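What follows is one structure encoded as structure tokens, with my remarks underneath.
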Amino acid sequence: MEREAEIAIPEGAFDSAGQLQVNISETKAWNHEENEVDDPVLFTNAIDLTMLNHSQPLKPVKLTLPVHSEDQNNDDIIILMSDKEEPEENEWEICNNVDIPGKFITFDVNHLSVYIACSKQHTGKSKRQATNAIKKEVQVECFAMLKKESDGKLSLIIEYALKNRGKSRRKKWKDKGFCTMSIEYKDCVMKEGQTYVIKLTENIQTDSLKPQDPFLTLNPRKFRTGNYRSFHLINDTSESPLEGEVHIEKRHEIISQLPQQPHASSVPNKETRMFTNCCHKSVQHFEPEMQVAYDTYFELIVSLPIDTNSLGTIPVLRKTSLNRITACLTMEECYQLGTNLHVLKNKIEQLETDGQLKEILKTWRSARPNEKLVHNLSGALKEMGKDDMANNVEEAFGNNTEYPE
């Protein structure tokens, strides 16, 4: 689990022999957050040490853990410790005696519990992410993508991807002809090994639903092949547009025991009557039984809107592609681009008033974009001196891809 880690137990550390249980919680995935500009705050995986006979060492035990990267500031490293199996954020303590020989962090422990090396400067964030890692929770990008097959039917895929692999996973699906939705993905936190339920809402219809299809278990070790489900849709989008959402839900089952009310037998059996006659007492016959009640409810984790706006659209003119273009421009440049593309002045000014000038290209693009719009966009960018961006637009159009990220 952590091949380069070392646990050095000195002779005489324990009164008697016993079994040492070691658990490792991976933390690398928590160092990849969306729009993360700061350096990582978790420098090692978390290690949980427990003696099965609950004994504690009489002498310090030396731990050596490999670090995730070599560029962390050594003065910023502290050790977080907790004696809880799954600590909450407020159940961590700080240990400061750390030695850092190269690619490793070494420190002494006097108590076997959970340890992790992290950032002193960002202690609060470190505790939060360490708590998630210990609970086997990971950051996930949930997304849905559509493809129009040669027979006119639609294929839908739904995937959970680790945060640091979401972009590459969507690129693989794009290479197979799938299109992203208007909302490309949504972030959420999921638990390893947890099974989630997939539900299709409104008029999204499929003829390929098998008993196992609604259930998808998060397995981080499958992210090369992907944690996904695929569906063949039977919607006729020429008759009515595809409308609905994919709901990803967590199933909760509450089991409770309800004691049955004791009751007296109206007609005592023979043994009871004999006992009553001899003792001259009123005796009740109780039947203390327990009833088990099951209550199930579903917690909505994330909802993904499904739309067909991107299907059949020239890739470089898809909404996600246009968003990448305006992301490279200032508000003033977005205003100028709208002017060059002959967007009505009152529409540009309204977007400016609403603080939505980054939406200028989606306002400009028609519902059925064509090749002429590609060249108009390229020309408008060249008028602004944005020759590199204009070339990217033309190249993406030639390669039948979206604007590069």
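Note down the relative contact order for the stretch 315-399 as a percent, whole number, built from C-alpha pairs under 8 angstrom at least six residues apart.
Values: 71 pairs, mean separation 28.9, N = 85.
Normalised by residue count, the contact order of the stretch 315-399 is 34 percent.
Using a Förster radius of 35 Å, what is the FRET efficiency between His111 and Lys250 based on their Cβ-Cβ separation? Nearest 0.05, please.
On the way: r = 35 Å, r/R0 = 0.99.
FRET efficiency, His111 to Lys250: 0.50.
Pairs Lys147/Lys362; Lys148/Lys382; Lys148/Lys345; Lys250/Lys319; Lys28/Lys362: which are spaced more than 27 Å apart, C-alpha to C-alpha?
Details: Lys147/Lys362 22 Å; Lys148/Lys382 34 Å; Lys148/Lys345 37 Å; Lys250/Lys319 31 Å; Lys28/Lys362 37 Å.
Over 27 Å Cα-Cα: Lys148/Lys382; Lys148/Lys345; Lys250/Lys319; Lys28/Lys362.
State, to one decimal in nm, how far the label point of Asp15 lies from the label point of His342, with both points 7 Å from Cα in the Cβ direction.
9.1
Full extension from Glu149 to Ile183: what is 0.36 nm times the residue separation minus their Cα-Cα distance, to one decimal in nm?
Working: separation 34, 0.36 × 34 = 12.24 nm, distance 2.18 nm.
In short, 10.1 nm is gained.
Measuring with a 1.4 Å probe in the full set of protein chains, what accessible area per residue, in whole Å², belongs to the stretch 80-145? Don't skip to the answer; put the middle values down first.
Values: 2920 Å² over 66 residues.
Spelled out: the 1.4 Å probe surface of the stretch 80-145, per residue, equals 44 Å².
Need one number: nm distance between label points at Arg221 and Glu202, each 7 Å from Cα along Cα→Cβ, rounded to one decimal.
Label at Arg221, label at Glu202, 4.0 nm between them.
Take every Cα pair under 8 Å in the stretch 6-135 that's 6+ residues apart, average their separations, divide by the length, and report that relative contact order as a whole percent.
Details: 255 pairs, mean separation 41.2, N = 130.
Worked out over the stretch 6-135, it gives 32 percent.
Determine the share of the stretch 6-135's accessible area contributed by carbon and sulfur atoms, expressed in whole percent, with a 1.4 angstrom probe.
Numbers: 2950 of 6970 Å².
Carbon with sulfur: 42 percent of the solvent-accessible area.
Let me make sure I get this right: for the stretch 315-399, a, b and c are the square roots of the gyration tensor eigenvalues over alpha carbons, sorted descending. Under 1.5 in a/c it's rounded, otherwise prolate if a/b > b/c, else oblate. Which is it?
Numbers: a/c = 1.72, a/b = 1.44, b/c = 1.19.
Prolate.
The values are calculated or read from the model by the stated rules, or taken from the named source; none is laboratory data. Predicted model only: the values in this text are computed from it and were never measured. No Cβ is skipped: glycine too gets one built from the backbone with ideal geometry, and neighbour counts run over all protein chains shown. Side chains are part of the model used for accessible areas, which takes the heavy atoms of the whole protein and leaves out ligands, DNA and RNA. Shrake-Rupley method; radii C 1.70, N 1.55, O 1.52, S 1.80 Å.
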